[in-house]
Amino acid sequence: MSLKTRIIPCLDVKDGRVVKGVNFVNLVDAGDPVEAAIAYDSAGADELCFLDITASHEGRDTIFDVVERTAEHCFMPLTVGGGVRTIEDIRKLLLCGADKVAINSAAVNDPDFINRASDKFGNQCIVVSVDARKVKTLDNIQNKWEIYTHGGRKASGLDALEFALDMEKRGAGELLVTSMDRDGTKIGFDLELTQTIADAVKIPVVASGGVGNLNHLVEGVKQGHASAVLAASIFHFGTHSISEAKEYMAKNGIEMRQD
Amino acid sequence: MSRYIAIIDYGSGNLRSAQKALQLAAKNLDLPIEIIVSNRPEVIDKAERIVLPGVGAFADCYNGLFSIADIGSILEQRIIKQGLPFLGICVGMQLMAETGHEKGEHKGLGWIKGDVREIKPSNKSLKIPHMGWNEIIFNQDHVLLENLSDGLNGQHAYFVHSYQMQIKNQNDLLASCDYGGEITAMVGKDNIAGTQFHPEKSQKFGITILENFLRWKP
């Protein structure tokens with residue numbers, strides 16, 4: 001009897017619509033994030049994550065409307081990431097109904113922002129996105145990862161483990177660790193990356209990037225030591241349902257919420 | 001103004017979710033009642049039930065609450081003297097304790113004997129914050145726990161906190177959960193109750209708790 005491992009479906013939202021597409025049965029409009037959120041809510045997802053990948057400044061306001069409409073129908077925790085740069089951005093998202101915000105570029109460019117944000121809204125609502133790529137080392141003795149920003153396009157020169165520890169100290173309440181090498185590959189999480197960070201910090205780590213089958217979710221918890229697992233396409237395209245994933249993980253000895 | 005329930009707005013937390021969840025609970029019960037989010041003393045004073053949410057640090061929330069004019073005497077009059085049903089959520093529950101020990105020592109409302117301290121799980125590998133879905137254990141019968149199930153194969157609630165309320169009088173403990181030791185999940189005494197978890201984020205379990213609160217006649 002204890003805290004259960006969380007499954008978090010993640011939706012990429014651009015200009016208020018889901019991109020990559022969501023292909024559920026019984027979904028009227030596959031591009032509407034609110035409909036997808038409602039479907040995941042009733043399927044028993046433990047949390048939901050929206051990643052706003054809108055590039056233009058004008059398009060930004062659409063995410064507030066999406067979050068607001070989601071909060072009318074979904075009574076589950078919601079994390080929103082993408083383009084969160086100011087205290088005002090966070091306040092607006094929380095007032096619309098988000099529970100946590102995921103911060104990436106702003107945390108790299110101005111680490112103090114994490115101190116200010118967690119002081120203001122509490123550690124529990126500040127998630128830092130650790131987007132990392134493996135660094136090719138000559139000796140190959142110790143693995144290293146480098147932090148990237150801008151959706152994995154821009155190298156920061158920062159070491160991922162040092163960054164993670166710094167973010168924890170500054171008040172992050174959770175880390176969303178994404179392997180940019182694995183993202184979209186469907187070959188599984190970078191388990192060494194996940195485990196290295198999860199074992200070093202006291203705050204929960206969400207594993208992300210690379211899930212292609214249910215066993216990858218199990219590995220993320222058992223080998224990666226993650227407190228939660230995030231996935232997109234295996235759920236969106238109906239390859240597996242949330243309850244199938246939970247049953248599979250439970251069968252493999254992981255405590256899951258199945259009420 | 002017609003009948004309404006007031007959610008106290010003191011600049012903390014995600015009030016919209018609490019409002020939407022209470023609206024759904026009222027609708028499920030066919031209760032013709034409005035759910036109003038307000039920081040105006042005269043609105044809070046005339047409510048038929050009061051909900052105090054809270055996200056953030058103990059002292060910030062306490063100070064935020066007491067920045068509302070006369071809130072101390074309104075709560076004293078309506079909740080303590082007249083017995084209006086009251087529900088505190090998360091830090092809103094913690095504020096009912098005598099003292100909080102988050103970032104220094106701070107005074108609370110003192111409605112429930114006990115204090116708020118950092119969670120220290122016996123198993124050092126357990127993560128802090130205590131974040132996610134945990135199984136609820138009922139410590140006594142209470143209207144707020146009706147139509148719910150606990151124990152093994154019981155229901156879960158969504159928690160996210162690093163501090164917890166340690167109560168002095170076990171009679172005030174309605175429900176708990178296990179996280180390397182006992183965590184206070186729900187407290188209750190006379191007409192006041194509180195949940196450490198977020199009913200507004202706990203799907204069916206949470207909505208049922210809110211329905212129970214709405215039909216509670218202490």
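Here, each number is a calculation from the coordinates, and none is a lab measurement. These numbers were taken from a predicted model, which means no experiment stands behind them. Counting neighbours? That spans all protein chains shown, and the Cβs are built from the backbone with ideal geometry, glycine included.
Here is how the numbers come out for the structure above:
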item: Kirkwood-type radius of the protein assembly as shown, with distances r between different C-alpha atoms, in Å; result: 22.6 Å
item: Share, in percent, of DSSP beta bridges within the protein assembly as shown that are antiparallel, nearest 5; result: 40 percent
item: Distance in nm between pseudo-label sites at B:Lys113 and B:Asn147 (7 Å out along the Cβ direction from Cα); result: 3.4 nm
item: Cys residues of the protein assembly as shown counted as unpaired, since no other Cys beta-carbon is under 4.7 Å; result: A:Cys74, A:Cys96, A:Cys125, B:Cys61, B:Cys90, B:Cys177
item: Alpha carbon convex hull of region A:128-255, volume per residue in cubic angstrom; result: 112 Å³
item: For A:His240, A:His57, A:His150, B:His106, order by how many other beta-carbon atoms lie within 10 Å, fewest first; result: A:His57, A:His150, A:His240, B:His106
item: Student exercise, the protein assembly as shown dipole from Lys, Arg, Asp, Glu Cβ charges, in Debye to nearest 20; result: 200 debye
item: For region B:4-215, Kirkwood radius (reciprocal of mean inverse C-alpha pair distance, Å); result: 17.0 Å
item: Relative contact order (%) - chain A, alpha-carbon pairs under 8 angstrom, separation at least six; result: 18 percent
item: Rounded to 5, percent antiparallel among DSSP beta bridges of region B:4-215; result: 60 percent
item: For chain B, size of Cβ-based charge dipole, Lys and Arg +1, Asp and Glu -1, in debye; result: 220 debye
item: Gyration tensor (alpha-carbon) shape descriptor, region A:133-203, a/c threshold 1.5; result: rounded
item: Separation of the A:Asp181 and A:Glu72 label points, Cα + 7 Å toward Cβ, nm; result: 4.5 nm
item: Dipole of the protein assembly as shown, positive direction: furthest Cα of A:Leu175, B:Ala6, B:Gln94, with charges on the beta-carbon; result: B:Gln94
item: Kirkwood hydrodynamic radius (C-alpha pairs) into Stokes-Einstein, region A:30-92, 37 °C and 0.692 mPa s, D in µm²/s; result: 266 µm²/s
item: Exercise: per-residue mean of other protein chain Cβ atoms within 10 Å, A:4-14; result: 1
item: Burial order of peptide ranges A:29-37, B:204-212 (average beta-carbon count within 10 Å, highest first); result: B:204-212, A:29-37
item: Only Lys, Arg (+1) and Asp, Glu (-1) charged, at Cβ; region B:1-128 dipole about Cα centre in debye; result: 400 debye
item: Pairwise centroid distance, computed over Cα atoms, of region A:194-208 with region B:39-61, Å; result: 36 Å
item: Over 23 Å (Cα to Cα) - which of B:Lys81/B:Lys113; A:Lys136/A:Lys222; A:Lys4/A:Lys120; A:Lys92/B:Lys46; A:Lys4/A:Lys222 fall in this group; result: A:Lys136/A:Lys222; A:Lys4/A:Lys120; A:Lys92/B:Lys46
item: Rounded, prolate or oblate (a/c below 1.5 giving rounded, otherwise prolate when a/b exceeds b/c) for region B:74-195 by Cα gyration tensor; result: oblate
item: Dipole of region A:1-97, positive end: most advanced residue of A:Gly44, A:Ser2, A:Val84 [Cβ charges, Cα centre]; result: A:Ser2
item: GNM result for chain A, Cα springs below 10 Å: residue of A:Phe235, A:Phe121, A:Phe50 fluctuating most strongly; result: A:Phe121
item: Karplus (6.51, -1.76, 1.60) ³J(HN,Hα), θ = phi - 60°, over region A:165-182, in Hz, Gly and Pro reported as x; result: 5, 5, 5, 4, 5, 7, x, 5, x, 6, 10, 9, 9, 10, 7, 6, 6, 9
